[in-house]
Structure formats: C-alpha cells, structure tokens
Amino acid sequence: MKRFIIVILCCLILSGCVTREQKFANKLKTLHGTDATMLFDKMGYPTDTITAPNGNNVYIYNKSGSSIGTTPVFNYNTNLWEYHAVSRPRSCTIFFEVNQSGKIVNTQAKGNLCK
C-alpha cells in the first residue's frame, strides 16, 4: 500500500512539471498568426536573428539568471552533514518563426526559466 501511495505522489509531482511547460507552450501558440511587430512592441528587439531553411526569419530571445539553493555535503572530519550554498544557472530561449508576410507561424521555448 505504501508503494502505491508513493507511486501516485511521484506521478502527481511529475505531472505538475509537465503542466507548467505545457502551459507556457500553449501561451506561445496563441501568438501564431499574429503580426511580428506586436512581438517587438512587447518584447523589444531579439537577442539574435537567423534565417530558417524555408526562408522565414527566426527571432531568438534569451533570458538568463540564477537561483541560490543549498546542497547537503557530508563532512567526514566531523561526521556531520553541512549545507553549502550553490548557484544554479537558469535560462530560457524562445524562438519565434515569422513568415514572409510578417506573421508568427511557429514558436518554441527551451530552458528551465521559461514560464
């Protein structure tokens, strides 16, 4: 019975992570078909621009930062656990593909800071 409860809890925790990423992807999909000038008005100029093989422009926006956390480390000299502060890098890269008519046709996000 304990195993069953643990499996259910793990599934719920993991589904919460997927849900946040899926919500962000769905939010980006609502921009499909909108004019790219709206993108520049809301987000400013992109970090980078590339041309896709099909000739569309891909505008790339990068956001990065870090979060401070702690990690347990066992000290063999004192036989005690110590907690050390660690910096965890976080980033989000968003790609907006814009067709020749200036409309957003595809979006994608990568990173652990996308929300």
Original post:
Around Leu113, which amide H atoms from residues at least 5 apart in sequence, or from another chain, sit under 5 Å from its own amide H, with H modelled in the peptide plane?
Top reply: Ser91, Cys92
Original post:
In nm, to one decimal, how far is the modelled label at Lys23 from the one at Trp81, with both set 7 Å along Cα→Cβ?
Top reply: 3.0 nm
**OP:** Please give the contour-minus-distance gain from His32 to Ala52: 0.36 nm per residue of separation, less the Cα-Cα distance, rounded to one decimal in nm.
**Re:** 5.5 nm
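Less than 15 Å Cβ to Cβ from Ile68, Lys/Arg counted +1 and Asp/Glu -1: what total charge do the surrounding residues give?
Taking every Cβ under 15 Å from that of Ile68, the sum is +2.
Read the figures in this text as sums done on the coordinates, not as results from a lab. Just so it is clear, the model here is predicted, and its values are computed rather than measured. When we count neighbours, we look across all protein chains shown, and the Cβ atoms used for this are built from the backbone with ideal geometry, even at glycine.
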